[in-house]
Amino acid sequence: MIIIGAGAIGCELAQAFRRLGAKITLIEANERISEDPDVAGVIADQFFGEGIDIRRDSTAGRVWQNQQGVYVAAGSDEITGDALLIAVGRRPNVANLNLEKAGVEYGDAGKCWA
């Protein structure tokens, strides 16, 4: 399985599917996996120990599929798998929380200021 995005959701699903026996390649455009820099190294070490292939600083480009599997061009590599999971682009759902009444400012990325 190829997973694009190594934020919280991508990391969680990579580990879950690996523990279920799938071979995992995790593609991340940034230098580190995880959104929390304090734990990124610990998570990466754990993933390496579990056999998860991590491709950091690697932007997924072209994606295609044929009868042999799924392919992702990421940098100079062509990664193959039998399934693709895309775990990028989260947006907060705050529409009905009335954050303005509480004096909370927020933006499209969900960053909040009190």
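What strands (runs of 3 or more DSSP E) completely inside the stretch 68-114 contain at least 1 residues that are at pLDDT 90 or above and touching a Lys or Arg at 6+ places or on another chain (Cβ under 6 Å)?
69-74
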| said: Just to check your reading of the model, which residue among V88, V104, V94 is under 15 Å from A6 (Cβ atoms) and of a type in the set (V, I, T)? | reply: V88
| query | I43 fails exactly one of the following numbered conditions: (1) within 17 Å of G7 (Cβ to Cβ); (2) part of a loop (DSSP other than H, G, I, E, B). What is the number of that condition? | reply | (2)
| message | Which residue is surrounded by the most Cβ atoms within 10 Å (Cβ to Cβ), if the candidates are limited to the stretch 69-84 and must be free of Cβ contacts under 8 Å to residues at least 24 places away in the same chain and under 15 Å from E28 (Cβ atoms)? | response | G75
| said: Going residue by residue through the stretch 12-32, is there one that turns out to be surrounded by 14 or more Cβ atoms within 10 Å (Cβ to Cβ), part of a loop (DSSP other than H, G, I, E, B), over 14 Å from the mean Cα position of the chain (by Cα) and aliphatic (A, V, I, L, M)? | reply: yes
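Would a scan of the stretch 49-64 turn up a residue that is small (G, A, S) and at pLDDT below 85?
no
The values are calculated or read from the model by the stated rules, or taken from the named source; none is laboratory data. These numbers were taken from a predicted model, which means no experiment stands behind them. Neighbour counts run over all protein chains shown; Cβ positions are idealised from the backbone, glycine included.
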